[in-house]
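Visitor: My questions all concern the structure below.
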Amino acid sequence: MTEPAEKHESIEEVVFAYEPSPEPFWKRHIYDFIIAAVFLVFALITAFSPQLGLDMPFFTKLRTNFINDFIVENRFMWLVSGLGTTLIITVMATTLGLTLGLTLAIIKVLDYNGKRIFFVTRLAEYYLTVIRGTPVVVQLMIIYYVIFGSISVSKILVAALAFGINSGAYVAEIIRAGILAVDRGQMEAGRSLGLTYGVTMQKIILPQAFKNVLPALFNELITLLKETAVAGYIAVADLARAGDMIRSRTFDPLLPLFAVAAVYLVMVMGLTQVMSKIERRLRRSDNR
Amino acid sequence: MITVEKLCKNFGSLSVLKNIDAEIKNGEKIVIVGPSGSGKSTFLRCLNLLDQPSAGRIMVDDVEITAEDCDINSVRQKMGMVFQHFNLFPHLTVVENIILAPYQLKKLNKDDAIKRAYELLDRVGLREKANEYPIKLSGGQKQRIAIARALAMNPEIMLFDEPTSALDPEMIGEVLDVMQELAEEGMTMVVVTHEMGFARKVASRVMFMDEGRIVEQGTPDEVFGNPKNDRTKLFLSKVLDH
Ligand SMILES: Nc1ncnc2c1ncn2[C@@H]1O[C@H](COP(=O)(O)OP(=O)(O)OP(=O)(O)O)[C@@H](O)[C@H]1O
Ligand SMILES: [Mg+2]
């Protein structure tokens, strides 16, 4: 009897094997559970201290504040609608940013490949320099107060426009780097088959470039989501602004601002989770 | 089929091709040999304008491809090229690699393109790899797929730039076999290679290049058996000793 031939391991199995074998769920998240438990106990004491017959001024105050901050006048709805506004701005700005970024990246790569579109390339360069060289808050205010100063227009749209224009500059750099990272031989192979530059770009270069930079693009999305918090500068009632409005109404900074922070944190953690899933899948199917 | 007149190519101040004249006839199998840096790749890449000539004229079937208004894409469709590093498209499966160009260029509809792809896969002996991604293939398999991909456009001429140089020795044979079959079927071929055995067997003409010039050319017997130029002799003595 001979030993059975060793099982052939595919690349993905090998790569997988190098990932640390997962500990049991509870063990991995032990600190998360402890922190959650502390918060829960805290919340329960705050909520039920009268019923429990406890007389602790700190918890009583927290309880009153909580009711003022979120229950009275249905103020928690401010946060909810603020969150909606933040999400709308983020989605619109991301769409605009990707469109602008891709266009600019292609203009720059065309320039790099010697297919210069004189005037357009210059314009793109100015745009990238100015947008990346100035703070987004300043851009936001200029667009709202100067460019749309005398026209009545939805503030949410202005915010989406400003953040989209801003994000576009960063997305452009990401995608451009991704395109240039694709092996030169790919363009040559495409062209040698008789495909045009445009078709080769679209069918061969860009799919590879996007795959390479997907994690970086996702990072940009996360940054953008957090950055929209300055939309309050033009009095858009986004999530951050909603928290601030509650604070100025109730004079309690702690709960509303922590609540706002918690919502951002949960969203970012969710997105990060999605991103690492995508990254893992990309790595596994990595067919370079 | 291809006429080259006074072809020059400079990279900046470096002169890589110096006044090359050449004529490639239908059905010829040209093997280009020469030391590293002598301009073999550049010459080959000028033939389909992957490198833009600095001066001179290149005619392909009476089309002057060096002319300003030449539609190079349609000329390239009948000139297949195989690269040293395969350059398969990593994000596409083997079949997708092969059908991309004929389908995009509307040479074939999708069904016919796939049918043709499988014929070509049979021909290079890799039908069972049709739905694999290139990463899963060995070097020799990759190169055979690259040849199939180029053949999918039904080219009239095939250009090979050191197709076996990046391969492990045990895989060279399988690629050369495919190339030899292609030659026997009458394909016009221009091959840059260091495989002297292949050159002897397949070449109808050997060109020896050195420092941007075609220094000597003739049948394999003439060039290998009785080289006239000193540089050819020196080069051959180095490569044939191994
Ligand atoms: N894109 C480029 N830019 C600048 N110089 C180049 C470029 N491509 C080739 N060269 C130079 O041109 C010369 C000829 O290169 P080429 O690749 O044609 O040589 P080769 O005969 O194919 O050599 P090898 O056997 O090493 O492949 C070399 O000196 C090389 O450095
Ligand atoms: Mg070379």
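The values are calculated or read from the model by the stated rules, or taken from the named source; none is laboratory data. These figures come from a predicted structure and were not determined experimentally. Because the Cβ atoms are built from the backbone with ideal geometry, glycine has one as well, and the counts that use them run over all protein chains shown.
Visitor: May I ask you to list the residues in the range B:206-218 that are more than 12 Å from B:F235 (Cα to Cα) and in contact (Cβ under 8 Å) with a residue 60 or more places away in the chain?
Guide: B:V206, B:M207, B:E211, B:G212, B:R213, B:I214
Visitor: Looking only at residues in the range A:157-193 that are assigned to a helix (DSSP H, G or I) and acidic (D, E), which one is farthest from the other protein chains (Cβ to nearest Cβ)?
Guide: Restricting to residues being assigned to a helix (DSSP H, G or I) and acidic (D, E), the top hit is A:E173.
Visitor: Here is a further query. Which members of the range B:74-96 meet the condition of being of a type in the set (S, T, N, Q) and closer than 12 Å to B:M153 by Cα?
Guide: Across the range B:74-96, the qualifying residues are B:S74, B:Q77.
Visitor: When the residues of the range B:146-168 are narrowed to those that are more than 16 Å from ligand 1 (Cβ to nearest atom) and not in a loop (DSSP other than H, G, I, E, B), which ends up surrounded by the most Cβ atoms within 10 Å (Cβ to Cβ)? Break it down into steps so the answer makes sense when it comes.
Guide: Step one: of the range B:146-168, the residues more than 16 Å from ligand 1 (Cβ to nearest atom) are B:146-158, B:168.
Remaining after also requiring not in a loop (DSSP other than H, G, I, E, B): B:146-151, B:157-158.
Values: B:A146: 26, B:I147: 23, B:A148: 24, B:R149: 28, B:A150: 24, B:L151: 22, B:I157: 23, B:M158: 22.
Restricting to residues being more than 16 Å from ligand 1 (Cβ to nearest atom) and not in a loop (DSSP other than H, G, I, E, B), the top hit is B:R149.
Visitor: Please go through the range B:143-169 and pick out each residue that is closer than 22 Å to B:N48 by Cα and without any contact (Cβ under 8 Å) to a residue 60 or more places away in the chain.
Guide: The answer is B:R144, B:I145, B:A148, B:A152, B:T164.
Visitor: Same structure again: Which count do you get for residues in the range B:39-73 that are within 18 Å of B:M189 (Cα to Cα), touching a helix residue (DSSP H, G or I) at 6+ places or on another chain (Cβ under 9 Å) and polar (S, T, N, Q)?
Guide: 1
Visitor: Out of the residues in the range B:117-153 that are aliphatic (A, V, I, L, M) and more than 13 Å from chain A (Cβ to nearest Cβ), which is farthest from ligand 2 (Cβ to nearest atom)?
Guide: B:A130
Visitor: Now a separate question. What's the total number of residues in the range B:88-100 that are under 19 Å from the mean Cα position of the chain (by Cα) and facing chain A (nearest Cβ under 9 Å)?
Guide: 2
Visitor: Provide a single number: the residues in the range B:188-205 that are touching a residue at least 40 places away in the same chain (Cβ under 8 Å) and more than 16 Å from ligand 1 (Cβ to nearest atom).
Guide: Looking only at that region, the number is 6.
Visitor: Kindly indicate whether B:H85 is modelled with pLDDT of 95 or more and within 23 Å of A:Q208 (Cα to Cα).
Guide: Here the answer is yes, as B:H85 does meet what is asked.
Visitor: Right, another one. Does B:H85 satisfy the criteria of being within 11 Å of chain A (Cβ to nearest Cβ), away from ligand 1 (no atom under 16 Å from the Cβ) and in a loop (DSSP other than H, G, I, E, B)? So that I can check it myself, show each step before the final result.
Guide: On the way: within 11 Å of chain A (Cβ to nearest Cβ): yes; away from ligand 1 (no atom under 16 Å from the Cβ): no; in a loop (DSSP other than H, G, I, E, B): yes.
Spelling it out, it is not the case that B:H85 is within 11 Å of chain A (Cβ to nearest Cβ), away from ligand 1 (no atom under 16 Å from the Cβ) and in a loop (DSSP other than H, G, I, E, B).
Visitor: Consider A:L104 against the criteria (1) in contact (Cβ under 8 Å) with a residue 12 or more places away in the chain; (2) aliphatic (A, V, I, L, M); (3) not assigned by TED's automatic domain parsing to the domain that holds A:S154: it satisfies all of them except one. Which criterion is unmet?
Guide: Here A:L104 meets the rest and fails (3).
Visitor: Can you tell me how many residues within the range B:21-42 are surrounded by fewer than 19 Cβ atoms within 10 Å (Cβ to Cβ), within 16 Å of ligand 1 (Cβ to nearest atom) and on the phi > 0 side of the Ramachandran plot?
Guide: Within the range B:21-42, residues that are surrounded by fewer than 19 Cβ atoms within 10 Å (Cβ to Cβ), within 16 Å of ligand 1 (Cβ to nearest atom) and on the phi > 0 side of the Ramachandran plot number 1.
Visitor: Which of the residues that make up the range B:98-113 are assigned to a helix (DSSP H, G or I) and buried (at least 17 other Cβ atoms within 10 Å of the Cβ)? Quick ask: steps written out before the conclusion?
Guide: Applying the first criterion (assigned to a helix (DSSP H, G or I)) to the range B:98-113 yields B:98-104, B:110-113.
Answer for the range B:98-113, where residues must be assigned to a helix (DSSP H, G or I) and buried (at least 17 other Cβ atoms within 10 Å of the Cβ): B:I98, B:I99, B:L100, B:A101, B:P102, B:Y103, B:Q104, B:A113.
Visitor: With B:K18, B:K9 as the choices, which residue is surrounded by 16 or more Cβ atoms within 10 Å (Cβ to Cβ) and either assigned to a strand (DSSP E or B) or within 12 Å of ligand 1 (Cβ to nearest atom) (or both)?
Guide: Working: B:K18 fails: surrounded by 16 or more Cβ atoms within 10 Å (Cβ to Cβ).
Going through B:K18, B:K9 in turn, the sole match is B:K9.
Visitor: State which residue is farthest from the other protein chains (Cβ to nearest Cβ) when the search covers only the range B:101-116 and only residues that are under 20 Å from A:I205 (Cβ atoms) and touching a residue at least 40 places away in the same chain (Cβ under 8 Å).
Guide: B:P102
Visitor: Then there's this: Only residues that are surrounded by 14 or more Cβ atoms within 10 Å (Cβ to Cβ) and within 11 Å of another protein chain (Cβ to nearest Cβ): list them for the range B:43-77, please.
Guide: B:L44, B:R45, B:L47, B:N48, B:L49, B:L50, B:D51, B:I72, B:N73, B:V75, B:R76, B:Q77
Visitor: Taking the range B:1-54, which residues are within 15 Å of ligand 2 (Cβ to nearest atom) and of a type in the set (G, A, S)?
Guide: B:G34, B:S36, B:G37, B:S38, B:G39, B:S41
Visitor: How about the range B:154-179: which of its residues are within 16 Å of ligand 2 (Cβ to nearest atom) and either under 15 Å from B:K40 (Cα atoms) or of a type outside the set (G, A, S) (or both)?
Guide: Listed by number, the residues that qualify are B:L159, B:F160, B:D161, B:E162, B:P163, B:T164, B:S165, B:L167.
Visitor: Hand me the list of helices (runs of 4 or more DSSP H) wholly inside the range A:196-288 holding 3 or more residues that are farther than 30 Å from B:Q77 by Cβ and more than 14 Å from chain B (Cβ to nearest Cβ).
Guide: A:206-227, A:239-250, A:254-284
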